[in-house]
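Asker: Before we start, here is the structure in question, set down as structure tokens.
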Amino acid sequence: MTTSPRPSSPRPSISTAPPLTERQEARRSRILHTSAQLACRGGFDAVQMREVAEQSNVALGTLYRYFPSKIHLLVATMQDQLGHLHEALRKHPPAAATPADRVADTLMRAFRAMQREPHLADAMVRALTFADRSVSPEVDTVSRLTTAIILDAMGLDAPPTAEQLSAVRVIEHTWHSALVTWLSGRASIAQVKIDIETVCRLIDLTAEDRPQT
């Protein structure tokens, strides 16, 4: 995951609020960039709202209008990072032969991006863990982006079945759990890879259940 400044990627709608203007979108992107930079340097505790506002050149009150809390901000940061990852994967999709292998390769690419910035990864995952109901729209957007990344990697010729969507949810849960255990030092990178590859075999099982046409 990169933290270099650039225009924000398209995001799924999470509210009925009117779309941001170009100036507002640029301000939001600047805030998210600052949040990621601070998290890269010092993790969750380094992301302080006042410092984010100062380094983003926005008023503290303005920052809180965009993000009501630090948790909102860091979950939005994860959403933004996943959006950039999704763009990169669409430009350079996985080339493995089977859907299961393509999803495993994709999730390991995402994991290696987390590896490069472990403090940022820890801050974002902690924010997801601490998020309460007030952050549900942002958390749901992160989940939808993760689902979209997995479905794109699968490369289905038809809409996913209920069984395939269920498999995707289990894969998402496993990936998140693997991140948590790795960040806490309870799992090695090799163990994470094995877990991801194992759970992705569910994709092959659900493909076998698809009715033939």
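The values are calculated or read from the model by the stated rules, or taken from the named source; none is laboratory data. Keep in mind the model is a prediction, meaning the values are calculated, not measured. No Cβ is skipped: glycine too gets one built from the backbone with ideal geometry, and neighbour counts run over all protein chains shown. Accessible surface is based on the protein model in full, side chains and every heavy atom, while ligands, DNA and RNA are left aside. Shrake-Rupley method; radii C 1.70, N 1.55, O 1.52, S 1.80 Å.
Asker: Could you tell me how many degrees, from 0 to 90 and to the nearest 10, lie between the Cα long axis of helix 22-42 and the main elongation axis, the longest principal axis, of the Cα atoms of the chain?
Answerer: Helix 22-42 sits at roughly 80 degrees to that axis.
Asker: Please give the contour-minus-distance gain from T198 to T62: 0.36 nm per residue of separation, less the Cα-Cα distance, rounded to one decimal in nm.
Answerer: This chain segment gains 44.4 nm when fully extended.
Asker: In addition: Roughly what would the spin-label model give for S134 and R23, points 7 Å off Cα along C-beta, in nm?
Answerer: With each label placed 7 Å out from Cα toward Cβ, I get 2.8 nm.
Asker: Further, regarding this structure: Suppose each label sits 7 Å from its Cα in the direction of the beta carbon; what would the R186-R116 distance come out to in nanometres?
Answerer: Here the answer is 2.9 nm between the modelled labels.
Asker: Additional query: Could you tell me which residue out of A187, L165, A97 lies farthest along the dipole of the chain toward its positive end? Charges go on the beta carbon: Lys and Arg +1, Asp and Glu -1, centred on the Cα centre.
Answerer: Farthest towards the positive pole: A187.
Asker: Find the accessible area per residue for the chain; the probe is 1.4 Å, ligands and nucleic acids are left out, and the unit is Å². Don't skip to the end; give the middle numbers.
Answerer: Details: 11160 Å² over 213 residues.
Value for the chain: 52 Å² per residue.
Asker: Now a separate question. Could you please state how large a percent of the accessible area of the chain is carbon and sulfur, counting protein chains only and using a 1.4 Å probe? The partial results should precede the final answer.
Answerer: On the way: 5960 of 11160 Å².
Of all accessible area on the chain, carbon and sulfur atoms account for 53 percent.
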